[in-house]
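Heads up: the structure comes next, in structure tokens.
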Amino acid sequence: MNHRISLKLVGAILAPAVLVAFVIGLMLAGALSLRPAVAQPSTKLAQTGEGLAATDHSPFVHVADVVLPAVVNISAEKTVKLSQRRRSPSDGSPFEEFFRDFRRGLPDIPQERQQNALGSGVVISPDGYIVTNNHVVAGFDKIAVRLSDETEFKGNDVKVVGRDPKSDLAVLKVESKKPLAAVALANPDDIKVGDWAIAVGNPFGLNGTVTVGVVSAKGRSGLPLPEGPSYQDFIQTDASINPGNSGGALVNIKGELMGINSAIRTPTGGSVGIGFAVPVDIVKLVTDQLIRTGKVVRGYMGIRPQPVTDGIRKAMGLDDSKGVLVADVVDGQPADKAGIKSGDVIVAVNGEKTEGVEQFRKQVAEFAPGSNISIGIVRDGERMTKRVTLVTFPDDEQQAAAPEEETATAWLGITARGLTAEERKEAKVSGGVLVEGVESGSAAAEAGIERGDVVLEVGKVRIGGMSDYNRAMRQFKSSSKAVLFRINRSGSVLYVAVEPGE
């Protein structure tokens, strides 16, 4: 008898057994909380140093270690004299005499007060030279410098080597017994929009503050800043910059100096992510001259440039709006002698293309007086080149000759004085002088000049301050022709012609 078991029978017996075993296995797995193995991120990279371990730090830590010792705190102080008598609401009223007698019994009002300023600075050489903003130290007679290790220099140990209001830079020198930590300068050509930008300074007196952002833009100019630098080619950054950061460092990811933090644009008074730094190429150019001679002397060719607007481009048949239009040529100055005329469009300086007014000013200012440079122009559609031998910029010559006067002698019935930084900020002007008074019936009064006007130009003389105004006054004092004043009145700019009279 054949006892072989049928395969179908074996399958029928094993199938239920396998199913029961599978169900029991699932139940045991749930009870024991077993889970299928899932691939986990490997930690080998961090453990072997090929990635960022928990004990490592960001690259900004190294930048801070390098730069913080070279950034200093600058505090300045000066004594401000107050007017001897403040106007009273009773002045000019029937009760004036009564209140004058009443005030005699009151304590005297202090006739002076102390004004303080706080800012930052950057050590640029181990022997103690420090660069900062001109507006941090201008006009102050007591300056103290404190290093990151709390070492302090003051009195005779701190010297103002030189100041340059046009770039808003200044250089100090401290007498140190040991070499100081100094920053390295970045290569200007290596600075690109989008690069890391690290601001180091003392905002609101908080020493050694580091903030991080990027280079937001380059070549910013034409900004109405209260400090009034006329040479603007700013690096813009969103690294947080606040009051007290002025004069501090803007560095790259290598800890190299890209610029000196100088200003912000803000509707609130604090940082909103729009800050500006004087670029390192201007810093080097200015500081080298200040250290060498104590002043900055710039080349001057004697024209008044203006932007080439789209309307001007179309009217003149130009290919594009690049370059600067020569609005006026000063008689007898280098441009006049070289044959440059009003209406010419300057498109290049010494072979370098000219994009706009601010760049043109910087291009010319980089050359020393006496330099013979080529000026590429377009005249009536024809390109040509003129050779110009530069002279010393008149403002620099004037400042070197004599200190600026505070108030001018009355002229044409006008009494004027220099603007304070606060007044420039309020009027939104970078220069000019304030009309303090206009004599009734005078030529200025007849022409419509009013008290509170800010004089921006007289004739062809641009007014940066009292030295310019006094120079214009001497130039036009004996003129029998009308003198054209360009003024700012409550934010509106207009021209006023003043007839000198008989």
Please label the shape of segment 443-496 as rounded, prolate or oblate, based on the square roots a ≥ b ≥ c of the eigenvalues of the alpha-carbon gyration tensor (a/c under 1.5 means rounded; beyond that, a/b larger than b/c means prolate, else oblate). oblate
Inter-label distance for Phe60 and Ala410, nm, one decimal - labels placed 7 Å from Cα along Cα-to-Cβ: 6.0 nm
Projected area of segment 188-293, taken from the Cα convex hull and averaged over every viewing direction, in nm²? 6.9 nm²
Centroid-to-centroid separation of segment 454-472 and segment 413-447 [C-alpha atoms, Å]: 11 Å
To the nearest 20 Debye, how big is the dipole of segment 299-395 about its Cα centre, given +1 on the beta carbon of each Lys and Arg and -1 on that of each Asp and Glu? 160 debye
Rounded if a/c is under 1.5, else prolate if a/b beats b/c, else oblate: with a ≥ b ≥ c from the C-alpha gyration tensor eigenvalues square-rooted, which is segment 345-393? oblate
In terms of Cα to Cα distance under 26 Å, which lysines are near enough to Lys177, apart from those fewer than 8 places away along the same chain? Lys142, Lys154, Lys159, Lys284
Rounded to one decimal in nm, the spacing of the 7 Å Cα→Cβ label points at Ser371 and Ala421 is 3.0 nm
Pairs Lys362/Lys425; Lys353/Lys481; Lys166/Lys218: which exceed 30 Å Cα-Cα? Lys353/Lys481
Label segment 299-395 by shape, choosing from rounded, prolate and oblate, from the square roots a ≥ b ≥ c of the eigenvalues of the Cα gyration tensor; if a/c is under 1.5 it is rounded, and otherwise prolate applies when a/b is larger than b/c, oblate when it is not. prolate
Expressed in angstrom and rounded, the centroid-to-centroid distance over alpha carbons for segment 205-249 and segment 156-172 is 18 Å
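None of the figures in this text is laboratory data; all of them are computed from the coordinates on show. Every value quoted in this text rests on a predicted model; they were computed, and no experiment measured them. Neighbour counts run over all protein chains shown; Cβ positions are idealised from the backbone, glycine included.
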